[in-house]
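Here's the structure, in structure tokens; my notes come after.
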Amino acid sequence: MCISPAVMLLWIVMFACVGIAQSYKNGNVESACGSLTPGHNIASQTGAHPYTITADRSSFKEGDEITVTLRATSGDFEGFMLQARITGMTSTIGSFTVTGSEAQGLTCNGVNNSAVSHTSDSEKTLFVTKWKAPASGQFGNIEFSVTFVKNFSTFWVGVKSSLITFTSTSTPTVPTECGKSKVCFIQPSNCDPTTSCYSMTVQTSSDQSEMKIEILGPGEGYVAIGFSDDNQMGNDDIYICGKDNSGLLQVQHAYSTGKSSPNILTLGNVSDIKTTMMNGVLNCSFTSQNPISTASRAVSVSEYFLMIAAGPSSQGALMLIAWMTTGSLGMLIARYLKDVGKGNGFCGKDIWFLAHVTMMSLSIIATAIAFILVFSYARDWAGGAHPVLGCLVMILTLIQPVVAALRCDPQHEKRFVFNWAHSFIALAIKGLAVAAIFTGLELIGEAQEDNWMPKVMGGFVAWEALIFVLQDLHKRSKKKDAEMCSLGSISTEVFLLLLFLLGNLTFLIALLVGIGQA
């Protein structure tokens, strides 16, 4: 039988348009190690499921074994894929012991039996297996995650067990040898290193050939220790306890040049590495036989300054936003834009007043949040004048709305008292906030080559002063029935306000970028 070219082309097109679905009745689903999603090209179920996953223990430590049970509370399931994962991560931990012919071990992340799945699509109502924790390495609280497949078109992805808490046999304790056989650093000094403060210990062998180092502290990215021949950053030998791109904790060796980002080195002669991550606290311990290299200016160095650093936080951004945009706009509006849109507003209040209250309310909220975050993070007064200035800003910021709420009527003979008090407090807040930002940027900018952020802040202050001067000159010219300049349909006050906002945002973005780089 001959088939015409047109018919042949039609068949080719039809087959090309048919989607390819991967169905693994034999359970060989290692391609789904990361997602736990079957290749059925069908969306998984999102509603309630008729299955349970239980463990016979609620906590574990290194090397422990846990019995895991998968059960159908109604109906059955044809397939499954089971893993243990550290909470919040997609990589597997530990290994399963597989017995019988109904299940098989899978290799995920290069580890044999780190997942377990079915071997056929026979109907199942119960499956029991044993999971064993590794003896060392990456640890943290875990959950068992499983995908249940009822049939080809009906399955649930990532059904989780209850949290299994990790209780390490080598939980960091308060060093009792500090100042004797160990050099210790704890920040704040009165905190417990087993909680969420920073702790670092270094112990050298009797012949000075090796160092036992432990680093512990809260961090979303890393905590690091540096050895320096002076008390300044730069030319330091660094060990980093940090997360890699997959979220796993690892130890890295690095060297800093100047105040730029450090150069990552080969780990070298480092052994006995142990890492744990629990409740946002990173902990790495290891033994290093690498010589300390700081490119010292001295002929020989027998003593080193120890430095500890952690990943940057973003609390300072709120203070910048409050007093470089909303607070500044609120003050400028109240001083120069009262006549713009006068008589128009809401609930008997002019537009300028509503805008002023909105801007200042946002400033108060942002300042309060920044204050709470900073002190809950630092837990002490480290940082010189910066925290003191921040406290003064916070106190005056809270006083200002109280003063405003108690103001008398605009026609009252004592109204001038409120006007002067309100203006004086606002000016004091602005000055203290700028000083607090300057001192904060000085601290952050030490990580940069030329400490340029305070210079940008100086440019911002000059920019604000220029706009206020221009607004004031225009206000004076209006009193003399003469416009400083004419801009057609848009008033000069509004134009200067928009120009002010544009400039402020430019300076703000520059500083936020600088903070991110630092």
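The values are calculated or read from the model by the stated rules, or taken from the named source; none is laboratory data. Remember, it's a predicted structure, so these values are computed and weren't measured experimentally. A quick note on method: Cβ atoms are made from the backbone with ideal geometry, for glycine too, and the neighbour counts reach across all protein chains shown.
Please find, among Gln203, Gln208, the residue that is at pLDDT below 85 and within 17 Å of Ser271 (Cα to Cα).
Answer to the selection: Gln208.
Residue under question is Ser122, and the condition is that it be at pLDDT 80 or above and either in the same structural domain as Lys61 (by TED's automatic domain parsing) or touching a Lys or Arg at 6+ places or on another chain (Cβ under 8 Å) (or both); does it hold?
Numbers: at pLDDT 80 or above: yes; either in the same structural domain as Lys61 (by TED's automatic domain parsing) or touching a Lys or Arg at 6+ places or on another chain (Cβ under 8 Å) (or both): yes.
Against the criterion (at pLDDT 80 or above and either in the same structural domain as Lys61 (by TED's automatic domain parsing) or touching a Lys or Arg at 6+ places or on another chain (Cβ under 8 Å) (or both)), Ser122 qualifies.
Can you tell which of Ala421, Ala382 is modelled with pLDDT of 85 or more, farther than 21 Å from Ile321 by Cβ and among the small types (Gly, Ala, Ser)?
Numbers: Ala382 fails: modelled with pLDDT of 85 or more.
It is Ala421.
Among the residues of the range 293-352 satisfying the criterion of being over 27 Å from Ser228 (Cβ atoms) and of a type in the set (D, E, K, R), which is modelled with the highest pLDDT?
Filtering first and then ranking leaves Arg335.
Matching residues to (1) within 38 Å of the chain's Cα centre (by Cα); (2) at pLDDT 85 or above; (3) among the hydrophobic types (A, V, I, L, M, F, W, C):
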site	(1), (2), (3)
Pro410	no, no, no
Ala428	yes, yes, yes
Phe460	yes, yes, yes
Gln471	no, yes, no
Lys479	no, no, no
Glu493	no, yes, no
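Hey, among Ile66, Ile53, Ile42, which residue is assigned by TED's automatic domain parsing to the domain that holds Glu102, closer than 17 Å to His118 by Cβ and at pLDDT 55 or above?
Just a single option satisfies the conditions, and that option is Ile53.
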